[in-house]
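Engineer: I have a structure I would like to understand better, so I am pasting it below and will then ask my questions one at a time.
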Amino acid sequence: MLFSKITIAAFIATVNAAPPVHLGLRNVTTASERLGLQWLGGNSSLPKILVLYTGGTIAGGSIYGALDDTQYGQLQITGEQIIARNPYLANHTQLAVSNWTSEDFSTGTDDGLVMNMTRFAHDALCSQDSDIDGAIYTHGTNSLEETAFLLDLLVNCGKPIVGVGAMRPWTHLSFDGDANFFQGVMLAANPDSRNRGVMVAFNNRIIPGFWVTKLHSTNPNAFGPTALGDLGAFVNNMPYFYNTPSQPIAKHEFDLQTVSNDPSFPALPKVDILYAARGFDGKLVLDAQSNGARGVVIAGTGNGGIPSGEDEIASALEKGLQVVVGTRSPFGPSTPSRRPTFAKSGFIHVIQSRIMLQLAIASGFDMNQTIALFEGGLRKAILQPWSPET
């Protein structure tokens, strides 16, 4: 099933409607019925795990043979076909597929599609009539981390959501997607996964969705955290956690309805990422603003330095642009300034910083509130308090 703009709009209208929904003469009593989910598996006592299917390498095959892992994509399998590849899944869970592929959009390129999938996931997992225990989403690995971070900030009712993907196509002689998918389902179905936020199951590792990033372009061990470390590992394909549940100090739980009230609906405010180096041209910031950006994230040098362009940045700030400066380094913080005019991202990676800034702008934050959002916890720790009045 392909989701068009009309289909998505109809879904949003359904979610926001107040009257009860009816199937025939009987009141709908569960989210599964209301959302039309069809559960695969014969044991109704097993955990129900929603599969948000967006395609990606895990669903892609190659016409060039079993050795190709760079030129694939000509062949595709569905979410149901991925499930059918592993008969062990039915011994542990019930699965229902919600298809978020489209001929016109991709979750790797379109904020609106990802946001509507997020709204669907929130409704399925967090509504009062929810009978669903957790969810996984299949995703292309190029932007899997972005969707993980977005879901982590917007879907927070304790139920696990797990991102899965593959680095090799299913036609490859050593396809990694089957194991990642199975382990992701087992992670989402495990009661110990509750209240840990979004997680990513990849290459026998359990990685926090808040900190995850893609560290290698082709290696099957492609993902890792920019801070904290792994949450656990898979042993005999079952999850083992190193610690009890906790949440990142830097995490802010945004209200999905408030975000959806922004004029950018169904997408998010336009925020661009710029990369700083010697001779950085501050006019790029003004160009982004004139092209419709409401915010800019700069991947700064070192701990958040900007080599040049301060005057142009100041001019853009005066015109209402919001600016966050991170670090182009893969690890370490972008540290606060004594007297900030824009936000420094702390330990949050520039890619994740873009999403947090989008959500902050959509939530009505001004520049000072955005500074407090990104810097508050780190400033407290390093004894550098700040407020707009100081």
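The values are calculated or read from the model by the stated rules, or taken from the named source; none is laboratory data. Since we're looking at a predicted model, the values are computed, not measured. Glycine also receives a Cβ, built like all others from the backbone with ideal geometry; neighbour counts cover every protein chain displayed.
Engineer: Which condition breaks for residue 309 when tested against (1) in contact with a strand residue (DSSP E or B) (Cβ under 6 Å, 6 or more places away or on another chain); (2) at positive phi?
Structural biologist: Only one criterion in (1) in contact with a strand residue (DSSP E or B) (Cβ under 6 Å, 6 or more places away or on another chain); (2) at positive phi is unmet by residue 309, namely (1).
Engineer: Against the definition (within 26 Å of residue 375 (Cβ to Cβ) and crowded, with 20+ Cβ neighbours inside 10 Å), how does residue 209 come out, yes or no?
Structural biologist: Yes; evaluated as a whole, the condition is true for this residue.
Engineer: A further question on this structure: What helices (runs of 4 or more DSSP H) lie completely within the stretch 106-194 and have 1 or more residues being modelled with pLDDT of 95 or more, under 21 Å from residue 254 (Cα atoms) and assigned by TED's automatic domain parsing to the domain that holds residue 68?
Structural biologist: Working: elements: 111-126, 144-154, 177-189.
Of the helices (runs of 4 or more DSSP H) lying wholly inside the stretch 106-194, those with at least 1 residues that are modelled with pLDDT of 95 or more, under 21 Å from residue 254 (Cα atoms) and assigned by TED's automatic domain parsing to the domain that holds residue 68 span 111-126, 144-154.
Engineer: Is it the case that residue 281 is assigned to a helix (DSSP H, G or I), over 20 Å from residue 375 (Cβ atoms) and not basic (Lys, Arg)? Full working, then the answer.
Structural biologist: Details: assigned to a helix (DSSP H, G or I): no; over 20 Å from residue 375 (Cβ atoms): yes; not basic (Lys, Arg): yes.
Spelling it out, it is not the case that residue 281 is assigned to a helix (DSSP H, G or I), over 20 Å from residue 375 (Cβ atoms) and not basic (Lys, Arg).
Engineer: Looking only at the stretch 373-390, filter to residues that are crowded, with 17+ Cβ neighbours inside 10 Å and aliphatic (A, V, I, L, M); which one of those is farthest from residue 154 (Cα to Cα)?
Structural biologist: Residue satisfying both the conditions and the ranking: 378.
Engineer: Can you name the residue in the stretch 218-238 that is more than 21 Å from the chain's Cα centre (by Cα) and not in a loop (DSSP other than H, G, I, E, B) and is also farthest from residue 140 (Cα to Cα) among such residues?
Structural biologist: Top of the filtered list is 235.
Engineer: Now for a separate question. Go through the residues of the stretch 302-320 one by one and say whether even a single one is part of a loop (DSSP other than H, G, I, E, B), aliphatic (A, V, I, L, M) and within 26 Å of the chain's Cα centre (by Cα).
Structural biologist: Among the residues of the stretch 302-320, not one is part of a loop (DSSP other than H, G, I, E, B), aliphatic (A, V, I, L, M) and within 26 Å of the chain's Cα centre (by Cα), which makes the answer no.
Engineer: Still on this model: List the helices (runs of 4 or more DSSP H) inside the stretch 1-101, counting only whole elements, that have at least 1 residues being at pLDDT 95 or above and touching a Phe, Trp or Tyr at 6+ places or on another chain (Cβ under 6 Å).
Structural biologist: Per the criteria, 79-84.
Engineer: Please verify whether the stretch 350-361 includes one or more residues that are farther than 24 Å from residue 261 by Cβ, in the same structural domain as residue 319 (by TED's automatic domain parsing) and modelled with pLDDT of 95 or more. Before you say what the answer is, go through the steps one by one.
Structural biologist: Let us first name the residues in the stretch 350-361 that are farther than 24 Å from residue 261 by Cβ, namely 350-351.
The next check asks that each one be in the same structural domain as residue 319 (by TED's automatic domain parsing); those that pass are 350-351.
Now drop any that are not modelled with pLDDT of 95 or more, which leaves 350-351.
For the stretch 350-361, residues farther than 24 Å from residue 261 by Cβ, in the same structural domain as residue 319 (by TED's automatic domain parsing) and modelled with pLDDT of 95 or more: present.
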